[in-house]
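A quick write-up on the structure given underneath.
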Amino acid sequence: MSTLQAALLAGGTVGLGLALIVWRLAPAHPQLAGALQRLAPDRAQQKLPDIAHGTTVQDRLGFWVQRNAPSISLGRTPTRELAMLRIPVHRYYGEKALFFGIGLVFPALAAGLLASLGVHAPIVVPLGVSLALAVAMSFVPDYNARSDAKGARAEFSHALSAYIDLVALERHSGSGSTQALEVAAQVGDSWVFQRLREELARARWSGTPPWDALTDLSSELGLPELAELADIMRLSGEEGSTVYATLRARSASMRNALLSQELSAANVDGERMTVPVTALAMVFLALLAFPAVLRIVESA
C-alpha cells in the first residue's frame, strides 16, 4: 500500500468516525404518533420492552430501523396481520432488515467465491444483483405475515361461529349480556377463546362495556363478524329469546359462508390437480406406445 492510499484510508476512517459521532449526538426527532399513543389510555397500548435488556438481536435491529429509517422506505406495514399473529412491529422491521442484509451480502459472497475460482465479473453485476435481491428478500416477511394471518383469520372465524352459539345458549338460559359473553369465552381452550377472554377481562377491569372491547378488537384484527356480534349484544338488552334467534341465525350464516369458502378452495385445488394427472397420463400413454412406434421405425 502506497503512502497516498494509506493517507486516504486514514482520512476516510477519521471522517466516518466524526460523522457517526455527530449523528449520534444530533437531537432526535420523536415520532408524534408513537408519543400520542403512549399518552393515550388505549386498550391496545403495550409497554415496549427495554432495548438494553431482554431483547434479541432482531429486536434491537427492529428498534433501530423503526426509529431511524425514513417512513417512506419502510413501506406499508401490515398492522392487522401483525396484530392477528401478535408479532410486535419492531420485530417485523428487524426481520425485514435481516432479510435485506442477507440479500445484500449473498451475491457479494458468491462473486468473491467465483473470483477465487478465476471467474471475474464487472463490479456493476454483483452490485446490481445485491440490491435487487436485497429489495426482493425484504418483502419475504410481508408475504409470511399475510399468509399466516390469512390462516389465523380463518381459524378465528371458525371458532367465532362456535362462540356465538355458546353466547346464544347462555342468553337463552337467562344470563345477562355481559355474563353470557364471559362465560362462553371460558369454554374453549384454543388461542381464539384465550384472546376473547383477555379482551373481556381487560374490559371488566377497566370498566368498559364488553361489546366496546369486542368492537375495538374487530377493528384491530379486521374481523367484521366480531363487530356484528358486539352490535347484537349491545342492542339485545334483556330480550333473551329474541337475541337467541338472532345469534343462532348469525352463527348459521357464518358456517354457510365458511363452508362455501372451503368448497371454493377445494374446487381450486381440484382444478390444479388436473394438470399433473393429465401429464402423468400422457407419459403413461407414451410408454405404452413407444415399443410399437420403435418396431414400425425399425421395419421401415
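Here are the numbers for the structure shown:
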read-out: Efficiency of FRET between Leu127 and Asp148 - r from beta-carbon atoms, R0 25 angstrom, step 0.05; value: 0.15
read-out: Contour minus Cα-Cα distance for His120 and Arg67 (0.36 nm per residue); value: 15.1 nm
read-out: ³J(HN,Hα) computed for each position of region 184-199 - Karplus, 6.51 cos²θ - 1.76 cosθ + 1.60, integer Hz, glycine/proline x; value: 5, 6, 7, 6, x, 10, 7, 5, 5, 5, 5, 5, 5, 4, 4, 5
read-out: Interchain or long-range residues, amide H under 5 Å from Gly176's placed H; value: none
read-out: Whole-Hz couplings from phi, Karplus 6.51/-1.76/1.60, listed for region 151-156; x for Gly and Pro; value: x, 5, 5, 5, 5, 5
read-out: Ranked Asp142, Asp212, criterion: other C-beta atoms within 10 Å, fewest first; value: Asp212, Asp142
read-out: Computed FRET value (nearest 0.05) for Ala252 with Ser190, which takes r as the C-beta separation and R₀ as 22 Å; value: 0.55
read-out: Full-stretch length increase - Ile296, Val268 - with 0.36 nm per residue and alpha-carbon distance subtracted; value: 5.8 nm
read-out: FRET efficiency, 1/(1 + (r/R0)^6) with R0 30 Å, evaluated for Ala227 and Glu155 via beta carbons; value: 0.95
read-out: Sorted by Cβ density within 10 Å, fewest first, the residues Met137, Met84; value: Met137, Met84
read-out: Order of Tyr244, Tyr143 - criterion: other Cβ atoms within 10 Å of each residue's Cβ, fewest first; value: Tyr143, Tyr244
read-out: Cα-Cα separations in region 149-258 greater than 17 Å, expressed as whole percent; value: 48
read-out: Whole-Hz ³J(HN,Hα) from phi, Karplus 6.51 cos²θ - 1.76 cosθ + 1.60, for region 136-146, glycine and proline x; value: 5, 6, 5, 8, 4, x, 5, 5, 5, 5, 5
read-out: Pairwise label distance in nanometres, Ala136 with Thr79, each label 7 Å out on the Cα-Cβ vector; value: 3.2
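Rule-based calculations on the coordinates, nothing more; no lab input. This one's a predicted model, so the numbers in the text were calculated from it and none came from an experiment. Heads up, the Cβs are rebuilt from the backbone with ideal geometry, glycines too, and the neighbour counts pull from every protein chain shown.
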